[in-house]
Amino acid sequence: MARTVWGSTVGKKAVMAVSGLVMLLYLVVHMFGNLKIFFGPGTFDSYAHWLRTLGEPFLHYEWALWIIRVGLVVAVVAHGVAAYQLSRRDLRSRPVGYVHTKARSSYATRTMRWGGVILALFIVWHLLDLTTGTVQRGFVPGHPYHNVVAAFHDWWNNAIYIVAMLALGLHVRHGFWSAAQTLGAGSATRNRVLKGTANALALVLTAGFVAVPVGVMTGLVS
Amino acid sequence: MKLTLRIWRQHDTEAPGGMATYDVDGISPGMSFLEMLDTLNERLTVEGEEPVAFDHDCREGICGACSLVINGEAHGPERTTACQLHMRSFRDGDTIDVEPWRAAAFPVVRDLVVDRAAFDRIIQSGGYVSVPTGSAPEAHATPVPKAAADSAFEHAECIGCGACVAACPNGSAMLFTSAKVNHLGALPQGAPERETRVLDMVAQMDAEGFGGCTLAGECATACPKGIPLTSITAMNREWLRASRKVPRS
Ligand code: HEM
Ligand code: SF4
Ligand code: FES
């Protein structure tokens with residue numbers, strides 16, 4: 001019988017929890033970096049440049065950034081594949097549903113699957129928008145401040161980002177607490193603190209990320 | 001009380017099933033839900049119809065046989081077993097939906113009766129302690145700390161009814177399995193098989209086709225014995241610990 005980590009529902013869920021927490025850690029740092037935009041083009045662009053020289057002279061130019069990128073791709077793929085496989089199994093385990101249905105779990109809990117899919121699509125859009133510039137008119141490589149301001153001039157792009165960040169908040173709200181249980185860190189006495197931390201993380205992340213498009217829209221950043 | 005019942009009828013595992021509507025009259029608020037079904041069945045028998053098949057045994061909330069999803073809730077609106085649910089929880093004129101536990105691992109045998117042998121196989125895979133039999137051991141040979149005894153007892157309350165599986169949006173058996181893992185794991189007598197127990201029971205649970213846990217918490221809400229959701233957290237901890245210690249097979 002399958003006793004490997006990946007072959008067990010409990011082990012696969014642990015892979016989801018760890019990969020989710022890796023992405024979460026990255027997002028907290030990412031959000032913090034984004035907020036530097038409120039200190040003007042000089043601060044923001046030099047921060048972006050520093051990211052590329054990080055670890056020099058031990059690491060070559062941009063190596064640190066690539067190491068982070070590879071780590072994130074591994075996390076996203078592991079998380080997505082595990083989510084897909086576990087979800088399929090969950091749906092198969094109840095082939096005939098109830099006639100009398102009742103939704104009792106919270107909205108955040110019920111939207112983990114579709115919310116996750118929205119986030120996956122958003123990650124692709126975000127990379128094409130602000131990393132490669134493929135979908136952005138007037139993208140200038142190496143000038144992130146200019147590119148952010150240009151990206152958020154279109155109202156519909158603001159809408160995409162804001163909806164995605166609300167989805168992120170919901171995902172983190174259930175995800176952080178859930179990961180703590182999956183990894184065995186929860187207990188009757190600790191769960192209140194864990195739930196509170198999950199809510200705080202969700203709120204801070206969503207507000208921190210949404211601040212940038214809102215800043216551009218209101219002319220605070222231009 | 002006068003009630004309208006909509007009950008799942010299915011002749012056998014292969015046959016298609018559906019909801020059938022019955023009116024029942026003369027129900028007293030003091031009757032248990034199963035006595036209410038008895039009243040219906042007496043009438044159906046007199047009228048020459050097949051009575052509704054449902055599981056029951058002790059009728060005092062300790063055997064875990066009764067298994068009805070009432071108005072979409074496993075064991076109905078009160079936090080108890082269906083046999084200990086009384087008709088005073090409903091109102092005159094109510095329409096009540098009664099369905100079997102729904103899970104791929106619990107095939108319907110007939111009407112509201114499902115086959116829960118999957119639970120027996122999970123227990124067989126590791127829900128035991130190996131002890132030498134013959135002469136009774138000295139009672140104080142193995143001291144059990146009070147806290148461990150309390151924790152073991154809390155988890156030993158599980159009656160294996162399967163309401164947790166029925167209530168879970170993923171048809172997961174994590175709460176049931178964790179109750180037994182934590183019950184035996186808390187005791188010194190369970191220590192020698194601590195690692196293999198959790199690994200084997202989780203593997204069997206997966207092999208039976210139950211879903212995984214998404215921490216929705218519906219199982220613990222439905223459990224008539226109050227097995228807490230943190231029981232699953234504790235089993236996850238045990239599983240991760242065991243999978244580091246035991247060589248992979
Ligand atoms: C690639 C896109 C994503 C998909 C398809 C996805 C899907 C899922 C699904 C289906 C679950 C399980 C839900 C449940 O247990 O009810 C989950 C859990 C989780 N997700 Fe995601 N997600 C994605 C992106 C993210 C991101 C960007 C983060 C970073 C914050 C994240 C963090 C988490 C965490 C921490 C968990 C909890 C794991 C656990 O329950 O132990 N996910 N995700
Ligand atoms: S954990 Fe609770 S709901 Fe599940 S089988 Fe045991 S007693 Fe029934
Ligand atoms: S019939 Fe025994 S618990 Fe309900």
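The values are calculated or read from the model by the stated rules, or taken from the named source; none is laboratory data. Owing to the predicted nature of the structure, the values given are computational and were not obtained by experimental measurement. Because the Cβ atoms are built from the backbone with ideal geometry, glycine has one as well, and the counts that use them run over all protein chains shown. Side chains are part of the model used for accessible areas, which takes the heavy atoms of the whole protein and leaves out ligands, DNA and RNA. Shrake-Rupley method; radii C 1.70, N 1.55, O 1.52, S 1.80 Å.
Placing +1 on the Cβ of every Lys and Arg and -1 on the Cβ of every Asp and Glu, with no other charges, gives segment A:1-88 a dipole of roughly 500 debye about its Cα centre. Ligands, DNA and RNA are left out, and with a 1.4 angstrom probe the accessible area of chain A is 56 Å² per residue. Of interest is the spacing of the C-alpha centroids, which for segment A:27-46 and segment A:99-157 amounts to 19 Å. Between the listed residues B:A15, B:S67, B:A53, the Cα displaced farthest toward the positive end of the dipole of segment B:3-110, a dipole computed from Cβ unit charges relative to the Cα centre, is found at B:S67. Carbon-plus-sulfur accessible fraction, segment B:116-245 (probe radius 1.4 Å, protein heavy atoms only): 57%.
Shown for segment B:104-139: residues covered by the partner protein chains by 10 Å² or more of accessible area relative to the chain by itself (probe radius 1.4 Å), namely B:A104. A 1.4 Å probe run over the protein chains yields, for segment B:62-200, 42 Å² of accessible area per residue, whole-number rounding.
Accessible area per residue was computed with a 1.4 Å probe on protein heavy atoms; B:C83 scores about 10 Å². Spatially, segment B:144-186 and segment B:79-135 are offset by 14 Å when compared through their Cα centroids.
If I fit a long axis through the Cα atoms of helix A:191-217 and take the longest principal axis of the Cα atoms of chain A, what angle between them do I get, 0 to 90°, rounded to 10? Compared with the principal axis, the helix lies near 30 degrees. What does the charge dipole of the protein assembly as shown about its Cα centre add up to, to the nearest 20 debye, if the Cβ of each Lys and Arg holds +1 and the Cβ of each Asp and Glu holds -1? The dipole magnitude comes to about 1840 debye. Of the residues A:N147, B:A216, A:L203, the one whose Cα sits farthest toward the positive end of the charge dipole of the protein assembly as shown, with +1 on the Cβ of Lys and Arg and -1 on the Cβ of Asp and Glu, is A:N147.
What FRET efficiency comes out for the pair B:E157/B:S89, r = Cβ-Cβ distance, R0 = 22 Å, nearest 0.05? So the FRET efficiency works out to roughly 0.50. Carbon-plus-sulfur accessible fraction, chain A (probe radius 1.4 Å, protein heavy atoms only): 73%. Using a 1.4 Å probe over protein heavy atoms, the accessible area lost on pairing A with B, summed over both chains, comes to approximately 3600 Å². In chain A, the sites counted are trypsin sites (Lys or Arg not before Pro) in DSSP loop states with at most 14 other Cβ atoms within 10 Å, and the longest stretch holding none of them, exclusive of the sites, is A:1-101.
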